[in-house]
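**Student:** Take this structure, written in structure tokens, and hold onto it; I'll ask about it next.
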């Protein structure tokens, strides 16, 4: 049940119709780690931050059972920083600032204690860096899940395809699935993308839920209809964290168990969007999670 | 279990990325009648056509258990005609031709034998005409379901609101729900729209399924992920026909039964889009319908 999570740990400054934040903790690996920590401990984090990252923020990860032995701290550099503004519909956003900083030459180090992990979550990062992590593990994990985004399809397509070929589960959104496959029909897109390597494909559709494709099976997970989406940042990463955390806890990577994992990931994501950044994710109880999963079950039962 | 269906019976000329048709039978009431006929017979049709409508097309309705006593035939006029072209994504379309013809001064006549019907389906039409049908029934039906579209929100808002106030279930798509309520969140939109009268609201989301809202309950029905949508014309009407047909057959208008009705409506719509116009709807077996409903059940079970 050991889990490695790689991705960005960063600062975000966010603006939504509901308000704005100064620099707060963000980054794919932050959301994934916190989300998966509700299912499995320790979560073995591989990431890099600068000297500007607060000790108290690292301690917050540790308090949630995140092992930070693989978190490099470059004292004389700055953490990755992203600033963005969401429009009224919350489905579109514009990037205001991107400062790569320490992420520009990120060379992931896998602590010896992380070796022989069974579950590997590759959060959104340059695909060559994601691949480096796979190469630096002495044994191939039982399950490798990869998240990526359109940015890498635009600027690093060949590297992306090489990494996708190595993973078991790919997680992208509907527009990205269409871009990657050149197909509008998601059924056709899934077939083409799975032919690139992954045995399973998750297509995230935001407020419309998510689809899980296996070789000959499809599962449709709803999204919870929400009064308000306060801040969508990190929802996809939180989904991924819940998904792989649930699988790692159960130690079962069958399609049937992946269905439940998708629901648990969706439940975690539905919490994430209720507050800014990781705020809601650091204060969840098992009872709240169980109740939310039950809401998903009730939503589709007929 | 008696059902009245009102709406347009018309000619359509369609163009999709897969091909084009000459004038074929279309119109909301055509799709609704054929779809509901797989659940309940007779379907009591109230509509108007011109002298150009073929006797063989009327007989096709009759062969499916549609009572055409309420179908006015204006021999010296022409049937309503709509021509449209779908774009590659099948989610957007442009209207090429609209000829109101007999629909311009449609005055619905309710045959005496249709009185005391328990279920009334108001297919998309001018809201004042929809309301006339309610007023011409001697007793209020047990359940009135209304479908409408953004067109009436634009040009006949006051009439539309008056009619919506009289119905039990309103069926519209997500963009229409947002337009009608002025709310982006569908949860907030549903609350506002139900405050206008309907006890239940169905929000159709095309390839993303449908939401059924009750006073304190929500149900999320998936759409079947399809290889290809051949022709989306009439899918919403076919959905409505399956929905009210299922309810009329069961004689049960509880929220719980409405969930199953939404699934049956979705299943019927998934057939509709497989071929041009009503082609797939006139050749369905009970076994095919049962198998399709089972696919919906499998799609969301975890």
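FYI, it's all coordinate maths here, none of it is from the lab. Note that this is a predicted model, so its numbers are computed, not measured. Heads up, the Cβs are rebuilt from the backbone with ideal geometry, glycines too, and the neighbour counts pull from every protein chain shown.
**Student:** Give me the one-decimal nm value for the distance between modelled label points at residue A:72 and residue B:256, 7 Å along each residue's Cα-to-Cβ direction.
**Tutor:** 6.0
**Student:** Another one. Go ahead and run the numbers for FRET between residue B:115 and residue B:85, Cβ-Cβ distance against an R0 of 56 Å, rounding to 0.05.
**Tutor:** Once rounded, the FRET efficiency stands at 0.85.
**Student:** Over region A:228-302, what is the relative contact order in whole percent, taking alpha-carbon pairs under 8 Å and six or more residues apart?
**Tutor:** Working: 76 pairs, mean separation 27.9, N = 75.
Relative contact order, region A:228-302: 37 percent.
**Student:** Next up: Kirkwood Rh over Cα pairs of chain A into Stokes-Einstein at 37 °C, 0.692 mPa s: D in µm²/s?
**Tutor:** 173
**Student:** Over the protein assembly as shown, how many percent of alpha carbon pairs lie in each 10 Å bin up to the one with the longest distance?
**Tutor:** The distribution over the protein assembly as shown is 3, 17, 25, 22, 15, 11, 6, 2, 0, given as percents.
**Student:** Let me ask something additional. Along the Cα→Cβ direction, 7 angstrom out, place labels at residue B:96 and residue A:23. What is the inter-label distance in nm?
**Tutor:** Placing both labels 7 Å along Cα→Cβ, they lie 5.9 nm apart.
**Student:** Label position 7 Å from Cα toward Cβ: report the copy-to-copy distances for residue A:136 in nm, one decimal, ordered from shortest.
**Tutor:** Ordered by distance, the counterparts are at 7.7 nm.
**Student:** Let me ask something additional. Counting helices only, and only those DSSP H runs with n ≥ 4, report the 222 nm mean residue ellipticity of chain A as the sum of -39,500 (n - 2.57) divided by its residues, in deg cm²/dmol to the nearest 500.
**Tutor:** On the way: 10 runs with 108 residues, N = 302.
Calculated mean residue ellipticity at 222 nm is -11000 deg cm²/dmol.
**Student:** Most mobile of A:122, A:211, A:186 per a Gaussian network model of chain A (Cα springs, under 10 Å)?
**Tutor:** A:186
**Student:** To continue, here is another question. What does the copy distance list look like for residue B:199, label position 7 Å along Cα→Cβ, in nm and ordered from shortest?
**Tutor:** Here the equivalent label points are 5.0 nm apart from this one.
**Student:** With an 8 Å Cα cut-off and a minimum separation of 6 or more residues, compute the relative contact order for chain A in percent. Let's see the in-between values first.
**Tutor:** Values: 656 pairs, mean separation 54.1, N = 302.
After rounding, I find 18 percent.
**Student:** Next question, about the same structure. Report the residue, chosen from B:256, B:116, B:124, that carries the largest GNM mean-square fluctuation when chain B is represented by alpha-carbon nodes joined by springs under 10 Å.
**Tutor:** B:256
**Student:** Gaussian network model of chain B, Cα springs within a sub-10 Å range: biggest mean-square fluctuation belongs to which of B:264, B:64, B:208?
**Tutor:** Result for chain B, Cα springs under 10 Å: B:208 fluctuates most.
**Student:** From the label point of residue B:77, set 7 Å from Cα along Cα→Cβ, how far away are the matching label points in the other copies, in nm, ordered shortest to longest?
**Tutor:** 7.6
**Student:** Further question on the same structure: Size of region B:68-214 along its principal axes in angstrom, Cα-based, largest extent first?
**Tutor:** Per principal axis, max minus min of the Cα coordinates gives 46, 39, 26 Å.
**Student:** Using 7 Å Cα-to-Cβ label points, what is the residue A:41/residue A:137 separation (nm, one decimal)?
**Tutor:** Output for this residue pair reads 2.3 nm.
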